[in-house]
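**Student:** Can you read through this structure? Questions will come right after.
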Amino acid sequence: MPNAVNLLRFAALAITASLAPGALPAQAKEFTFSAKANERMAKKLNIPVFFALPASARSPVPANVDTTDLLIDFRHPEAQRPGAEMGLRLIVTKRAGMAGRLAKSGLVQTGDILLTFRSEWGGAGAYPNIQMGVSHTGIAYVKDGTVHNLDNPLNEEYLGADLRGNLNSEHYRTLDFIHVIRPRNLSDAQRANVAAWAGRLTAGAKRVYPSQVSFNQDYNAPKYRPGKPVDFVQRLGQVALGQNPEGTLDLFCSEFAWSVLSLRDCDPAKSADAFKAGGVPACVREPMKPMLATGDYVFRRNRSSYVGLADGPLLVIDALKLPAAERQKMLHSVFVANPGSLAKLSAGHKAISEQLSPKFEPLEKYYLGAGQGILQNVKARVISKAFIRAIPENYSPTSFLINTLLPPDNVNRTMDYVATIVIE
């Protein structure tokens, strides 16, 4: 058999030589923990523990992933107690060729939510902490073996100079971290529909933006109204189909992504007549229940309870199962602004943070009392109701991440955390 062995070796060398210069053959890997890698990533991320996630938030992934990227099971140094670990799955990658590798590995799929994650927001104050470092939402679709992004604004800053959305726009070129969130149980047909809608919106971006679809800068003014038809999703479908509805539809980034996912049961090649009709097509279905400012999960903890827009750090800290004094100290830290971290915010986000700071004072009392003794719970509920009255049901960029913090069997859990892309 020596000749056969030599032939196999020769074939392997030939395959390797045929690769593009600098390319490496894919390797079967899984997310693994390494103390040395963990220490390096802890320094690189430099995030508070409430920017990490419990294992229950994670989506299933194959045991062996074909990729040349480094896959790390990161464990936050402040949360490694058995049963209360917090961490992130990290895909450590180079920017060059990233979109192709992510598609080939299956770690990013059509319909996945791409959350811009700004680790430098950690410790910058109540607003950036409660947002868990998330500032923007895009949606992914795979075409021709490459991950593409679809974002609102539908302009060069987010879709690139050619408006093709290849993760090469100014926005994506300047990112170091991206959270990947996956809607649960998307079928092949639903993914095909999402890709088709994304393709139409991308192809028509120059024509429809900003005359038919524009960007809404007020994240506190969603189009969603409880109990009302989601006619804004119908209008987005009409725009994508070239039906030229009257007026301009302004959507903020996460609302746009939520709307595209609402079209996952609609085949654009077959549903033109349904979108021309008077009502919202029957195929339109919300991908995630919009959130109130605060939820009832910390009070009720059952399969039908839900979380709120401001509940992210609270749920992470709650899952740490800390002694009472440590818990209160960490909850308080969410509302403390570090001047050094605050300086890293963009001018716009810094202005929002300063504007909202006084309004977060009662929210700290809600954090400190929720899920505690009877009296504290009563006070927390009162504060919670005041926030609910002031803020409409919404789907902020962080809401997709917060949804993953619900227990896996919760009926309102429709999203899973896949991983965080670390671009080096």
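The values are calculated or read from the model by the stated rules, or taken from the named source; none is laboratory data. What you are looking at is a predicted structure, and each value in this text was computed from that prediction instead of being measured. Every residue, glycine among them, receives a Cβ derived from its backbone with ideal geometry; neighbour counts consider all protein chains shown.
**Student:** Looking at (1) under 23 Å from PRO392 (Cα atoms); (2) in contact with a strand residue (DSSP E or B) (Cβ under 9 Å, 6 or more places away or on another chain); (3) of a type outside the set (D, E, K, R), which is the one condition that is false for THR294?
**Tutor:** All conditions are met except number (2).
Matching residues to (1) over 24 Å from the mean Cα position of the chain (by Cα); (2) surrounded by 15 or more Cβ atoms within 10 Å (Cβ to Cβ); (3) part of a helix (DSSP H, G or I):
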{"site": "LEU309", "(1), (2), (3)": "no, yes, no"}
{"site": "LEU315", "(1), (2), (3)": "no, yes, yes"}
{"site": "LYS321", "(1), (2), (3)": "yes, no, no"}
{"site": "LYS350", "(1), (2), (3)": "no, yes, yes"}
{"site": "SER353", "(1), (2), (3)": "no, yes, yes"}
{"site": "LYS359", "(1), (2), (3)": "yes, no, yes"}
{"site": "LEU401", "(1), (2), (3)": "no, yes, yes"}
{"site": "PRO408", "(1), (2), (3)": "no, no, no"}
{"site": "ALA419", "(1), (2), (3)": "no, yes, no"}
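**Student:** Now for a different question. Give me the pairs: first residue in the range 227-243 and free of Cβ contacts under 8 Å to residues at least 40 places away in the same chain, second residue buried (at least 16 other Cβ atoms within 10 Å of the Cβ) and assigned to a helix (DSSP H, G or I), beta-carbon distance under 6 Å, and six or more apart or on different chains, which are they?
**Tutor:** As it stands, the answer is LEU236/SER259; GLN238/PHE275; VAL239/VAL208, since those pairs meet every condition given.
**Student:** Which of the numbered conditions does TYR366 fail, given that it passes all the others? Conditions: (1) surrounded by fewer than 18 Cβ atoms within 10 Å (Cβ to Cβ); (2) modelled with pLDDT of 95 or more.
**Tutor:** Result: TYR366 passes all but (1).
**Student:** Out of the residues in the range 88-108 meeting the condition of being in contact with a helix residue (DSSP H, G or I) (Cβ under 7 Å, 6 or more places away or on another chain) and surrounded by fewer than 24 Cβ atoms within 10 Å (Cβ to Cβ), tell me which one is nearest to VAL49 (Cα to Cα).
**Tutor:** Ranking the qualifying residues of the range 88-108, first place goes to LEU90.
**Student:** Right, another one. Name every residue in the range 386-399 that is among the polar types (S, T, N, Q) and not in a strand (DSSP E or B), in order of residue number.
**Tutor:** Correct list: SER396, THR398, SER399.
**Student:** Let me ask you something else. Looking at GLN376 and the list (1) under 23 Å from the mean Cα position of the chain (by Cα); (2) part of a helix (DSSP H, G or I); (3) more than 23 Å from PHE74 (Cβ to Cβ), which single condition is not satisfied?
**Tutor:** GLN376 satisfies every listed condition except (1).
**Student:** Only residues that are surrounded by fewer than 18 Cβ atoms within 10 Å (Cβ to Cβ), out of contact with any helix residue (DSSP H, G or I) (no Cβ under 8 Å at 6 or more places or on another chain) and assigned to a loop (DSSP other than H, G, I, E, B): list them for the range 280-307, please.
**Tutor:** Residues satisfying the conditions are LYS289, ARG301, ASN302, ARG303, SER304.
**Student:** Continuing with the same structure: Please verify whether the range 149-164 includes one or more residues that are touching a Cys at 6+ places or on another chain (Cβ under 7 Å) and either in a loop (DSSP other than H, G, I, E, B) or touching a residue at least 60 places away in the same chain (Cβ under 8 Å) (or both).
**Tutor:** Among the residues of the range 149-164, at least one is touching a Cys at 6+ places or on another chain (Cβ under 7 Å) and either in a loop (DSSP other than H, G, I, E, B) or touching a residue at least 60 places away in the same chain (Cβ under 8 Å) (or both), which makes the answer yes.
**Student:** Continuing with this model, one more query. In the range 150-166, how many are on the phi < 0 side of the Ramachandran plot and buried (at least 19 other Cβ atoms within 10 Å of the Cβ)?
**Tutor:** Of the residues in that region, 7 qualify.
**Student:** Could you please let me know if PHE387 is more than 17 Å from ALA124 (Cβ to Cβ), buried (at least 16 other Cβ atoms within 10 Å of the Cβ), in contact with a Ser or Thr (Cβ under 8 Å, 6 or more places away or on another chain) and at pLDDT below 95?
**Tutor:** Spelling it out, PHE387 is indeed more than 17 Å from ALA124 (Cβ to Cβ), buried (at least 16 other Cβ atoms within 10 Å of the Cβ), in contact with a Ser or Thr (Cβ under 8 Å, 6 or more places away or on another chain) and at pLDDT below 95.
**Student:** Here is a list: VAL208, VAL230, VAL239. Which entry is over 18 Å from ARG264 (Cα atoms), at pLDDT 95 or above and touching a helix residue (DSSP H, G or I) at 6+ places or on another chain (Cβ under 9 Å)?
**Tutor:** VAL208
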